[in-house]
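Structure first, commentary second.
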Amino acid sequence: ALQASVPDAALSPRQQAALRRGEQSRAFHRRSAQRDTTNGPTSLDRGNAILLAAAELFGQQGYERTSIRDIADRVGLLPGSVYHHFPSKDEIILAVNHEGFRRLIQSVQDAIARGSDPWQRLALACTAHLEAVFSADPIVAVTGRSAFSLFGSPLLQHLRQDSDHYEAILAQLIAELDLPEGTDRSLLRLFLLGALNWVRTWYKPGKKTLEEVAHELVALLQRPLGSGGAMRAGAGA
């Protein structure tokens, strides 16, 4: 290993580059260790580090403006090391979103398990969704912010199974609601999902918490549609 005490001038360009990569890698792992990794892997191996770095960059500068070299630099690797794990940038974003859906689905399932009333369970799911959109976990945040708006892309059609799994959870929650006969529940699900994803364009912390926003969105549906609509979503939660 190169020693930090060796003057840079005494090192070859290749050695200096290796030293910089080592410093970048250590800085990246220190920063990653400070995050809440409850939903993530127990150890940040090289493949997981690449996904995390890619998610950070996709969130900061967008998928199109992020290169394999950018991702490699963030982790402190050579681009060839990234290609060893993922043959293309397309494969990286698919892997990021697949893992993000896994974590999002787990969060929503954990949330709705705490409720019993159907409207309350829907509000809990919406809260978990918004928390994912604004998550400090880059992998979850990238998925929550982009996946549902990008499914027109042929690339992200490969994630249809993941999105279908997630939307099936929402569909079941809406199927359990006491709604007037003839209500188009599929349209209601899409309407609610669109409203949740739109929150990221206007929400600013301070006036309302994400939980309050989620419960109010559900209450707006419940008041005109639910039997006994005076009850607010999540009351007694």
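Quick note: the coordinates plus some simple rules give every number you see, no bench work behind them. Please read these numbers as outputs of a predicted model, since none were measured by experiment. Every residue, glycine among them, receives a Cβ derived from its backbone with ideal geometry; neighbour counts consider all protein chains shown.
Some observations on this one:
- Potential extension, S88-K208 segment - 0.36 nm per residue separation minus Cα distance: 39.1 nm
- Where GluC sites (Glu not before Pro) fall in DSSP loop in segment 42-99, at most 14 other Cβ within 10 Å: E64
- For N197, net neighbour charge (Lys/Arg +1, Asp/Glu -1) across residues whose Cβ lies under 14 Å away: +1
- Cut-off 13 Å, label 7 Å out along Cα→Cβ of E216, residues of segment 100-136 by amide N: none
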